[in-house]
Amino acid sequence: MPHHNCTIIIEPASAEDGGGVLAFVPDLPGCMSDGDTYEQAARNAAGAIESWIEAATEMGRPVPAPALRQAVV
């Protein structure tokens, strides 16, 4: 599978959402993950990206090219 550089947005989850950390992939609609830590959420998001691309490919759907974004620190 080709390497796909996607932006992952990682942010703390609210207490109402159970706490932890959420990870979103804006380039791939519906692609998200979570974890107990930022590192775990990032690793889980990488797996979600691979699964999203694999599913889209199997269904014959296009995989969008990653958007160019400026990092916000």
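The values are calculated or read from the model by the stated rules, or taken from the named source; none is laboratory data. Remember, it's a predicted structure, so these values are computed and weren't measured experimentally. Ideal geometry is used to build each Cβ from the backbone, glycine not excepted, and the neighbour counts take in all protein chains shown. Quick note on the areas: whole protein, heavy atoms, side chains included, nothing else; ligands and nucleic acids left out. Shrake-Rupley method; radii C 1.70, N 1.55, O 1.52, S 1.80 Å.
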For the range 21-35, in order, what is each residue's ³J(HN,Hα) by Karplus, 6.51 cos²θ - 1.76 cosθ + 1.60 with θ = phi - 60°, in whole Hz (x at glycine and Pro)? 9, 9, 10, 10, 10, x, 6, 10, x, x, 7, 7, 7, 8, x
Can you give me the distance in nm between label points at E54 and T37, each placed 7 Å from the Cα along the Cα-to-Cβ direction? 2.5
Over the range 8-50, with the other protein chains present, what is the accessible area per residue in square angstrom, probe 1.4 angstrom? 57
Between 0 and 90 degrees, rounded to the nearest ten: what's the tilt of helix 38-58 against the longest Cα principal axis of the chain? 30
How much of the accessible area of the chain, probe 1.4 Å, is carbon plus sulfur, in whole percent? 55
Restricting the calculation to Cα positions, tell me the Rg (one decimal) and the Dmax (whole number) of the range 11-73 in Å. 13.1, 38
